[in-house]
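Okay, so here's the structure we're looking at.
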Amino acid sequence: MNKEIIESIIKTELKDYIDFATTLAKGEHKTLSPPFISYSNSDIDMSDTNKEYYRTFACVDLDAIDHNLKEVKAKLTDGVLSLAIVKADAYGHGAVPIAFSLNALGVNAFCVATITEAIQLRESGVVGEILILGYTHPVDFPLLNRYELTQAVISYDYAQLLDSYTSNIRVHVAIDTGMHRLGVDVRDLDTILA
């Protein structure tokens, strides 16, 4: 993703936050202001941002993300796919700008919690695999193919439900590694893969 697109998204988000904070400062709105988030690297100047209206502030250092990604990749065996977790709006840091930045760094696989988050990334132009870790209701199964999304298979029954809709849905079998929240019991793996 090129720098102009990233800057455009960031400036749009900043304008929305600043408009909200200005309204709040004038006493026209009674709720607390949202957290302020800026994205910076050597190419983006955020110094003109008015931060005084915000109760919290997060500066996402895109150069640090680049450095950390290189460190992780250096420790992976060739051919191992790494997926960036950007669920919950990248944990409040902005899923779309973070995913764009990671796309520019060569990351082309992302994890989200819901189909809504996946569609937001895809409609924003994020490329690569998008894996939905949580449950997608059967009503939304057509969206999995339309947006070229991958659905985590979280149980044998869910695998059957997905398969009864169509065999063209991309899936990722989630294995319960001991937390007992989501995922297929390893003893049922042969049944699901059949």
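The values are calculated or read from the model by the stated rules, or taken from the named source; none is laboratory data. What you are looking at is a predicted structure, and each value in this text was computed from that prediction instead of being measured. Neighbour counts are summed over all protein chains in view; Cβ atoms, including those assigned to glycine, are modelled from backbone coordinates with ideal geometry. Side chains are part of the model used for accessible areas, which takes the heavy atoms of the whole protein and leaves out ligands, DNA and RNA. Shrake-Rupley method; radii C 1.70, N 1.55, O 1.52, S 1.80 Å.
What to note about this one:
- Residue-count net charge about TYR156 - beta-carbon cut-off 11 Å; Lys, Arg +1, Asp, Glu -1: -4
- The alpha carbons of the stretch 118-190 give a radius of gyration and a Dmax of 12.7, 39 Å, in that order.
- Taking amide H as placed 1.01 Å from N in the peptide plane, ILE175 has its amide H under 5 Å from the amide H of VAL184, each at least 5 places away in sequence or on another chain.
- Accessible surface of SER124 - all protein chains present, 1.4 Å probe, nearest 10 Å²: 50
- Using a probe of 1.4 Å on the protein chains alone, the accessible area found for ARG170 is around 110 Å².
- Length available on full extension from GLU123 to ALA109: 0.36 nm per residue minus the Cα-Cα distance, which gives 3.5 nm.
- Area accessible to solvent at VAL153, 1.4 Å probe radius, in Å²: 10
- Largest to smallest accessible area among LYS70, LYS75 [probe 1.4 Å]: LYS75, LYS70
- Between VAL80 and ASP190, the distance separating the two model label sites (each 7 Å from Cα on the Cα→Cβ line) works out to 2.9 nm.
- Computed on protein heavy atoms with a 1.4 Å probe, the accessible areas place LEU193, LEU131 in the order LEU193, LEU131, largest first.
- Pair-distance distribution of the stretch 57-165: all C-alpha pairs, bin width 5 Å, starting at 0; shares per bin in whole percent are 2, 11, 22, 21, 17, 13, 8, 4, 1, 0.
- For PHE110, residues with placed amide H under 5 Å, excluding near neighbours: ALA84, GLU129, ILE130, LEU131
- Residue order by solvent-accessible surface for ILE132, ILE175 is ILE175, ILE132, largest first, with ligands and nucleic acids left out and a 1.4 Å probe.
- Cα-based values for the stretch 70-115, radius of gyration first and Dmax second, are 11.3, 31 Å.
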